[in-house]
There are 2 protein chains.
Amino acid sequence: MTPQRRAIIQVLLESAGSHPTAEQIFTRVRDVMPDISHATVYNTLHELVEMGTLLELNLGMREQRYDINTTDHAHLICLGCGRVEDVPYDSEALTLSPEHTHGFQVVDCRVIFRGYCPACASQERHLRSSG
Amino acid sequence: MTPQRRAIIQVLLESAGSHPTAEQIFTRVRDVMPDISHATVYNTLHELVEMGTLLELNLGMREQRYDINTTDHAHLICLGCGRVEDVPYDSEALTLSPEHTHGFQVVDCRVIFRGYCPACASQERHLRSSG
DNA sequence: TCTTATTTTAGATTAATCCTTAATTTATAT
DNA sequence: ATATAAATTAAGGATTAATCTAAAATAAGA
Ligand SMILES: [Mn+2]
Ligand SMILES: [Mn+2]
Ligand SMILES: [Zn+2]
Ligand SMILES: [Zn+2]
């Protein structure tokens with residue numbers, strides 16, 4: 001456990017719920033530790049993911065998002081601006097019946113609702129009516 | 001409608017169920033049309049996605065996967081090798097209750113089961129017992 | 001055919017992520 | 001405390017999927 005890791009974990013805890021990207025985490029850590037390197041942030045994030053204390057979310061917006069909240073939940077993402085919200089979901093309702101596992105050892109299930117947030121939805125409406 | 005597009009669509013139809021990456025599609029198209037460019041493949045894929053006749057899947061393995069099967073289904077992906085299988089799912093069981101939409105216009109829902117295919121699971125076991 | 005709009009192309013560019021390697025830091029054992 | 005070994009960090013280069021650019025080619029329409 002090094003000062004760098006402490007700082008990274010601190011930032012993750014402070015940004016709980018915001019689903020930051022690796023770059024955003026890097027920037028926030030650099031505020032308190034200006035000499036930290038890119039590689040250290042990436043390495044530490046991967047280690048935390050490996051340990052199971054951090055979720056790496058691929059929500060389809062190019063960059064990975066990180067989530068310190070490892071409780072069972074789904075995500076709602078805005079296809080316009082990338083805004084992410086946590087949403088509850090019933091993990092019981094989503095179990096793969098044995099005849100459909102193809103012999104896989106199933107580890108988990110990710111659920112992503114996609115749509116447009118109020119801001120992006122109104123913008124889209126405006127674009128459509130004017131174009 | 002150009003010969004390039006016809007060739008790309010042909011490849012997509014032939015590879016139904018294999019969830020190819022853009023690069024794999026590019027390679028297969030190049031077999032029958034050696035001078036086709038990268039940009040044309042990407043442009044065409046994006047147009048088909050825009051039209052709604054092709055799904056762009058972010059299964060978390062770096063590259064996007066494309067799926068000509070636009071019927072309601074979920075995916076099962078191997079975290080080891082990237083193998084993808086289609087799995088049925090009950091879309092009725094997954095509707096976001098109004099109090100959890102945060103005002104979003106919800107477009108769709110993506111469900112991804114993650115795990116290890118038989119080959120990768122046995123490999124992992126081997127690695128663990130020997131390391 | 002002639003004109004216009006669209007599409008294609010090659011190559012450069014971007015941007016996130018990963019890798020390499022040497023220096024530093026931390027942990028462990030005298 | 002000191003020496004040794006192991007783990008971590010930093011700088012910057014490499015990688016790579018994807019995007020952009022601008023000119024050339026092609027398709028569509030009159
Ligand atoms: Mn979350
Ligand atoms: Mn599929
Ligand atoms: Zn939005
Ligand atoms: Zn596998």
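Among residues of segment A:80-108 being out of contact with any strand residue (DSSP E or B) (no Cβ under 9 Å at 6 or more places or on another chain) and within 24 Å of residue B:99 (Cβ to Cβ), the one that is nearest to the other protein chains (Cβ to nearest Cβ) is A:93.
Does any residue of segment A:98-117 turn out to be outside any strand (DSSP E or B) and in contact (Cβ under 8 Å) with a residue 12 or more places away in the chain? Don't jump to the end; show me each part of the working.
Of all residues in segment A:98-117, those outside any strand (DSSP E or B) come to A:98-104, A:117.
From what is left, the residues that are in contact (Cβ under 8 Å) with a residue 12 or more places away in the chain are A:117.
Yes, the conditions are met somewhere in segment A:98-117.
Among the residues here, residue A:34 does not qualify as open to solvent by 60 Å² or more (accessible area, probe 1.4 Å) and either in contact with a Ser or Thr (Cβ under 8 Å, 6 or more places away or on another chain) or within 25 Å of residue B:91 (Cα to Cα) (or both).
The lone criterion from (1) open to solvent by less than 40 Å² (accessible area, probe 1.4 Å); (2) away from chain A (no Cβ under 11 Å) left unmet by residue B:111 is number (2).
For segment A:46-71, a residue qualifies if it is part of a loop (DSSP other than H, G, I, E, B), away from chain B (no Cβ under 12 Å) and loosely packed, with under 14 Cβ neighbours inside 10 Å, and the qualifying residues are A:52, A:53, A:69, A:70, A:71. Looking only at segment B:19-31, residues that are under 30 Å from residue A:108 (Cβ atoms) and either in contact (Cβ under 8 Å) with a residue 40 or more places away in the chain or open to solvent by less than 50 Å² (accessible area, probe 1.4 Å) (or both) come to 6 in all.
Summed over segment B:72-97, the residues that are within 16 Å of DNA strand D (Cβ to nearest atom) and either surrounded by fewer than 19 Cβ atoms within 10 Å (Cβ to Cβ) or part of a loop (DSSP other than H, G, I, E, B) (or both) give a count of 2.
Residues of segment B:1-34 that are more than 26 Å from residue B:73 (Cβ to Cβ) and part of a helix (DSSP H, G or I): B:3, B:4, B:6, B:7, B:30, B:31, B:32. Apart from one condition, residue B:77 fits all of (1) at the interface with chain A (Cβ under 8 Å from one of its Cβ atoms); (2) in contact with a Lys or Arg (Cβ under 6 Å, 6 or more places away or on another chain); the exception is (1). Residue pairs whose Cβ atoms lie under 9 Å apart, separated by 6 or more positions or on different chains, with the first residue in segment A:51-71 and farther than 14 Å from residue A:85 by Cα and the second among the acidic types (Asp, Glu), are A:54/A:47; A:54/A:67; A:55/A:67; A:56/A:67; A:60/B:56; A:63/A:23; A:64/A:56.
The values are calculated or read from the model by the stated rules, or taken from the named source; none is laboratory data. In this text the structure is predicted, and so the values were computed from the model without any measurement. Heads up, the Cβs are rebuilt from the backbone with ideal geometry, glycines too, and the neighbour counts pull from every protein chain shown. The accessibility values were calculated without ligands, DNA or RNA, using every heavy atom of the protein model including side chains. Shrake-Rupley method; radii C 1.70, N 1.55, O 1.52, S 1.80 Å.
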